[in-house]
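Let me begin by presenting the structure, written as structure tokens, before commenting on it.
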Amino acid sequence: MEEIQHDYCDRLEANAREAARIKGRIRLIGLLRLVVFVGAVAGIYLLREAGAWAWGSVALAGVAVFLGLARVHDRWFRRKEFADCRERVIRRELALLEYRFEGIDGGDEFIDPTHDYSFDLDLFGSKSFFAYLNRSATAVGRKALACTMLSPDLTADTIRRRQAAIEELSRCTDLRIDFQSWGACSGESPADSHLLEQLAALPRFGTGRLVHRLILAIPALYLVLVVLWLAGAIAGSVIVWPFIALLAVAGVLAKRVTRLQEQLNGALASLSHYARLFEMVEQNRFESEWLGQLQRVCVDGHGSVSQRVARLRRLLGNLDQRCNFVGFTVLNGFLLWDLRQLNALNRWLDENREQLPRWLDVLAQFDALCSLATFRYNHPHYVFPRIVLDRRPVMQAEALGHPLIPRDRCVCNDVAPMNEGSFQVITGANMAGKSTYLRTIGINYLLGCMGAPVCARSMTFTPLPLFTGLRASESLADNESYFFAELKRLQQIVVRLRAGEKLFVILDEILRGTNSVDKQTGSLALVRQLVEAGAAGIIATHDLVLGQLAEKLPGQISNYRFEATIEGDELTFTYRLQPGIARNMNACFLMKKMGIIPAEASESDSCEYE
């Protein structure tokens with residue numbers, strides 16, 4: 001891990017040197033522009049009596065050089081923006097390596113307490129797994145990553161191909177960092193992920209074929225009029241009349257064009273910034289099947305996607321020329337610029353509208369793979385799990401740990417084979433590690449289904465839908481109690497199992513909202529039903545009675561425990577999973593130590609350690 005940190009630090013230093021060089025060039029070009037301006041003014045002043053040809057030539061040369069330097073200046077400013085974005089990307093990597101989440105996007109809008117597992121596994125929100133994993137350069141990539149976490153493709157072949165693509169991209173560190181940096185330069189917001197919906201809502205805005213041809217003929221009309229004027233056939237004032245007429249037409253249509261311009265910018269501006277990102281997908285050589293397939297979509301017989309998107313960017317820029325008074329007057333008076341550019345944009349959409357969903361899907365998939373590849377690069381000791389399809393075991397792992405627990409504090413445990421139609425019952429004291437262990441299994445199982453590496457020495461799994469019941473929440477809006485919310489969640493599991501679906505189930509302390517006898521009866525019946533329905537999974541509980549199921553269902557129920565050690569006034573935990581049923585409980589010990597109950601309370605007052 002220190003090597004990874006050193007690599008990012010080296011890249012940060014190299015970027016700082018490049019940024020300093022760019023700033024130097026910007027200052028130099030700025031100085032040259034000033035010199036050219038002052039020189040041109042001085043030349044005009046000195047040649048003011050030499051004739052209009054002399055000082056006019058100096059003025060034209062000065063304007064040409066000044067504008068040329070301005071274009072070069074703009075390019076260097078774009079390089080500076082890219083270098084600044086690159087610095088932020090690298091600093092974010094260093095921060096997340098140390099589990100610092102300040103200012104990190106947690107994907108709060110994806111939080112859904114009713115989802116099969118995302119709420120229980122803390123996939124979204126502050127300091128969530130999404131915040132730790134997300135490196136999206138685009139709004140569509142961010143949404144694709146969230147969708148992959150919420151609903152991964154469980155096809156074994158798909159997972160293996162994703163693994164190969166992630167492994168290959170993990171070796172392309174410069175590509176990933178530059179991809180994120182160019183994405184950051186676009187100034188996108190999460191709302192830009194709805195581009196296709198915005199495009200669908202656009203009205204038809206192109207002119208008819210006849211009007212389109214008339215607009216194209218306007219330059220030829222002016223050319224004829226100028227020739228006739230030079231030949232003395234018409235007065236020069238005749239040329240003014242079509243100028244005024246075209247400007248009047250543009251004025252009448254100005255409000256409509258402005259509304260269309262706003263809609264087009266809202267729908268297409270983010271896409272226009274993707275040209276550089278598509279170019280990076282197109283120009284790199286990939287060996288994995290998945291990345292090669294994405295690349296082939298970007299290049300077809302009609303040219304590359306990056307070129308077509310770059311043309312869109314130029315067209316939107318052309319339309320923006322109408323936003324100042326001089327540009328509006330001159331361009332519309334001579335070319336009917338507004339309608340000309342709207343026709344060009346309409347033609348671009350007609351040619352490319354059907355391909356847009358495929359292009360965005362390619363970019364979204366590549367972007368999501370870059371996030372997972374960065375996760376792979378940052379954790380070189382993680383492994384890609386092996387996929388088995390005979391469901392024996394559904395899951396098994398050695399030295400499994402939670403990716404969000406800092407490495408110096410993460411305790412890894414083995415996961416015994418969990419087969420179809422079998423459950424593991426985990427008992428233990430409060431704070432001994434049961435819930436963390438369940439989330440560790442859940443998050444790594446999900447990573448495996450996504451094609452990502454897992455925090456383990458080795459892992460084998462069968463891709464099945466994951467369903468968890470680790471926490472439930474009351475809903476005042478729906479008038480639901482905590483207990484009823486939990487029952488509804490358990491009902492979902494049973495209904496899906498009865499429908500023939502195979503699930504990997506993780507439950508924590510079920511039926512907490514009822515009395516002990518009722519809870520024991522219901523818990524025993526539920527676990528029996530889950531086993532009989534062929535579910536595989538794990539359940540954590542304080543109720544030691546559930547451990548007795550192993551005697552009644554040998555081979556289908558197995559017991560494991562997390563123990564707490566009480567020595568004098570000290571309570572310690574090893575967080576190590578052991579076989580068997582827990583012997584020690586710690587609630588009364590902690591209540592006494594915190595002064596909640598008197599220290600002299602007897603063990604007969606239900607404060608025994610079994």
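The values are calculated or read from the model by the stated rules, or taken from the named source; none is laboratory data. Quantities reported herein were computed from a predicted structural model and do not represent experimental measurements. Glycine also receives a Cβ, built like all others from the backbone with ideal geometry; neighbour counts cover every protein chain displayed. In case anyone asks, the SASA skips ligands and DNA or RNA and just uses the protein heavy atoms, side chains included. Shrake-Rupley method; radii C 1.70, N 1.55, O 1.52, S 1.80 Å.
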Checklist entry - Would it be correct to say that ARG142 is open to solvent by 20 Å² or more (accessible area, probe 1.4 Å) and either modelled with pLDDT of 95 or more or in a helix (DSSP H, G or I) (or both)? => result yes
Checklist outcome for this item: Within the range 205-215, residues being in contact (Cβ under 8 Å) with a residue 40 or more places away in the chain and not small (Gly, Ala, Ser) number 5
Next on the checklist: Here are the criteria: (1) open to solvent by 10 Å² or more (accessible area, probe 1.4 Å); (2) closer than 25 Å to GLY442 by Cα; (3) not aromatic (Phe, Trp, Tyr). Tell me which single one HIS379 does not satisfy.
Outcome noted: (1)
Next on the checklist: Any residue that is among the aliphatic types (A, V, I, L, M), over 28 Å from the mean Cα position of the chain (by Cα) and more than 22 Å from ARG561 (Cα to Cα) - is there at least one of those in the range 413-430?
Outcome noted: no
Checklist outcome for this item: Restricting attention to the range 323-342, the residues that are surrounded by fewer than 18 Cβ atoms within 10 Å (Cβ to Cβ) and either in a helix (DSSP H, G or I) or modelled with pLDDT of 90 or more (or both) number exactly 7
Next on the checklist: Could you go through the range 283-301 and let me know if any residue there is open to solvent by 10 Å² or more (accessible area, probe 1.4 Å), part of a helix (DSSP H, G or I) and more than 26 Å from ARG171 (Cβ to Cβ).
Outcome noted: no
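Among the listed residues ALA364, ALA399, ALA416, which satisfies the condition of being among the hydrophobic types (A, V, I, L, M, F, W, C), under 27 Å from ASP105 (Cβ atoms), open to solvent by less than 30 Å² (accessible area, probe 1.4 Å) and not in a loop (DSSP other than H, G, I, E, B)?
Step by step, each of ALA364, ALA399, ALA416 is checked, and only ALA364 is among the hydrophobic types (A, V, I, L, M, F, W, C), under 27 Å from ASP105 (Cβ atoms), open to solvent by less than 30 Å² (accessible area, probe 1.4 Å) and not in a loop (DSSP other than H, G, I, E, B).
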Item to check | Inter-residue pairs, beta-carbon under 8 Å, first closer than 12 Å to ARG135 by Cβ and among the basic types (Lys, Arg) and in the range 165-176, second open to solvent by 10 Å² or more (accessible area, probe 1.4 Å) and assigned to a helix (DSSP H, G or I), 6+ apart | outcome: ARG176/TYR377
Checklist entry - Are any residues in the range 302-319 of a type in the set (Ser, Thr, Tyr) and either closer than 26 Å to TRP337 by Cα or assigned to a helix (DSSP H, G or I) (or both), and if so, which ones? => result SER306
Checklist outcome for this item: The correct count of residues that are of a type outside the set (Val, Ile, Thr) and either open to solvent by 70 Å² or more (accessible area, probe 1.4 Å) or touching a Leu at 6+ places or on another chain (Cβ under 7 Å) (or both) in the range 238-252 is 4
Checklist entry - Which ones in the range 458-497 are touching a helix residue (DSSP H, G or I) at 6+ places or on another chain (Cβ under 7 Å), surrounded by fewer than 16 Cβ atoms within 10 Å (Cβ to Cβ) and modelled with pLDDT of 85 or more? => result VAL494
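Filter the range 55-69 down to residues that are of a type in the set (A, V, I, L, M) and either surrounded by 15 or more Cβ atoms within 10 Å (Cβ to Cβ) or in contact with a helix residue (DSSP H, G or I) (Cβ under 7 Å, 6 or more places away or on another chain) (or both), then give me how many there are.
Residues that pass the stated criteria total 4.
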Checklist entry - Looking at the range 272-282, which of its residues are open to solvent by 40 Å² or more (accessible area, probe 1.4 Å) and in contact (Cβ under 8 Å) with a residue 40 or more places away in the chain? => result HIS273, ARG276
Checklist entry - Do we have any residue at all in the range 103-117 that's touching a helix residue (DSSP H, G or I) at 6+ places or on another chain (Cβ under 6 Å), surrounded by fewer than 20 Cβ atoms within 10 Å (Cβ to Cβ) and modelled with pLDDT under 95? => result yes
Checklist outcome for this item: Of the residues in the range 498-513, those that are open to solvent by less than 20 Å² (accessible area, probe 1.4 Å), out of contact with any Pro (no Cβ under 8 Å at 6 or more places or on another chain) and at pLDDT 80 or above come to VAL505, ILE506, LEU507, ASP508, GLU509
Checklist entry - How many residues does the range 412-427 hold that are touching a helix residue (DSSP H, G or I) at 6+ places or on another chain (Cβ under 9 Å) and within 17 Å of ALA582 (Cβ to Cβ)? => result 5
Checklist entry - Across the range 519-542, which residue is modelled with the highest pLDDT among those that are buried (at least 18 other Cβ atoms within 10 Å of the Cβ) and outside any helix (DSSP H, G or I)? => result ILE538
Checklist entry - So how many residues does the range 216-259 have that are farther than 16 Å from LEU336 by Cα and either touching a residue at least 24 places away in the same chain (Cβ under 8 Å) or touching a helix residue (DSSP H, G or I) at 6+ places or on another chain (Cβ under 9 Å) (or both)? => result 9
Checklist outcome for this item: Of the residues in the range 382-396 that are within 20 Å of LYS502 (Cα to Cα) and part of a strand (DSSP E or B), the one that is most open to solvent (accessible area, probe 1.4 Å) is ARG386
Checklist outcome for this item: Reported set for the range 353-386 where residues are among the small types (Gly, Ala, Ser) and in contact with a Lys or Arg (Cβ under 8 Å, 6 or more places away or on another chain) is ALA364, SER371, ALA373
Checklist outcome for this item: Going through the range 531-553 in order, the residues found to be of a type outside the set (S, T, N, Q), over 20 Å from PHE461 (Cα atoms) and out of contact with any helix residue (DSSP H, G or I) (no Cβ under 7 Å at 6 or more places or on another chain) are GLU532, HIS542, LEU544, GLY547, ALA550, GLU551, LYS552
Checklist entry - Failed condition for PHE37, given (1) open to solvent by 70 Å² or more (accessible area, probe 1.4 Å); (2) out of contact with any Phe, Trp or Tyr (no Cβ under 7 Å at 6 or more places or on another chain); (3) among the aromatic types (Phe, Trp, Tyr), with all others met? => result (2)
